[in-house]
Amino acid sequence: MNKEPYIVTFTGKRICPVSPDIDEICIEDIAHSLALKCRFGGHTRVFFSVAQHSVIVSNFCSDPLHGLLHDAGEAYLADVASTVKHLFPTMRYAEEILIEKIFKKFGVMETEKTKRCTHSVDRAMLRVEWDALINDPNEYGLGVDMSGVQRLLLRLDDFWSPEEAERLFLNRFNELYQR
């Protein structure tokens, strides 16, 4: 019997988050899981999925596929708020391994430039989401440095259902991925 920790995915695959088999990584599993995961651990005024976040981020990145898949490791783990993620070093490590394997599987070449661009867009999107989704009238300050990050000229007023988020995530992936 396999002693490694694993999850069973939507399509029935077994993934070990700390040593994933690249052949078991599946875009349908990623899209489905991210579409069902709500940003901010579900503590939002309305449902806003990680899949919708990823599709929007991809629209502003120099490498849109990198932007689309930047949170794909969360499909096999969880969406942990960045303000507390440092408390879970093993999860961070597993997420790094997963992202590396996911990028390899789908031919995403991560450079410092693409990483910086996606990070900058992700931080700006975090601000937009905070303003639209969180019941806190105060400035976003939970230990996240927003200096140097331009705000996206974007207002969130269209919130996708999980089914729509999954479909639009897969559509965006198919538009960007060169098989």
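All of the numbers you see were taken from the coordinates with simple rules; none came from a lab. None of the values given here were measured: they were computed from a predicted structure. A quick note on method: Cβ atoms are made from the backbone with ideal geometry, for glycine too, and the neighbour counts reach across all protein chains shown.
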Candidates 10, 40 - the one that is under 22 Å from residue 161 (Cβ atoms) and part of a loop (DSSP other than H, G, I, E, B): 10
In region 20-39, which residue that is surrounded by fewer than 17 Cβ atoms within 10 Å (Cβ to Cβ) and touching a Lys or Arg at 6+ places or on another chain (Cβ under 9 Å) is farthest from residue 81 (Cα to Cα)? 23
Can you work out which of the residues in region 81-108 that are part of a loop (DSSP other than H, G, I, E, B) and either of a type in the set (Asp, Glu) or touching a residue at least 12 places away in the same chain (Cβ under 8 Å) (or both) is farthest from residue 55 (Cα to Cα)? 83
Please find, among 19, 54, the residue that is under 12 Å from the mean Cα position of the chain (by Cα) and of a type in the set (Gly, Ala, Ser). 54
Which residues, taken from region 109-132, are assigned to a loop (DSSP other than H, G, I, E, B) and either touching a helix residue (DSSP H, G or I) at 6+ places or on another chain (Cβ under 7 Å) or more than 18 Å from residue 63 (Cβ to Cβ) (or both)? 110
Tell me yes or no: at least one residue of region 32-55 is closer than 17 Å to residue 78 by Cα, touching a residue at least 40 places away in the same chain (Cβ under 8 Å) and out of contact with any helix residue (DSSP H, G or I) (no Cβ under 9 Å at 6 or more places or on another chain). yes
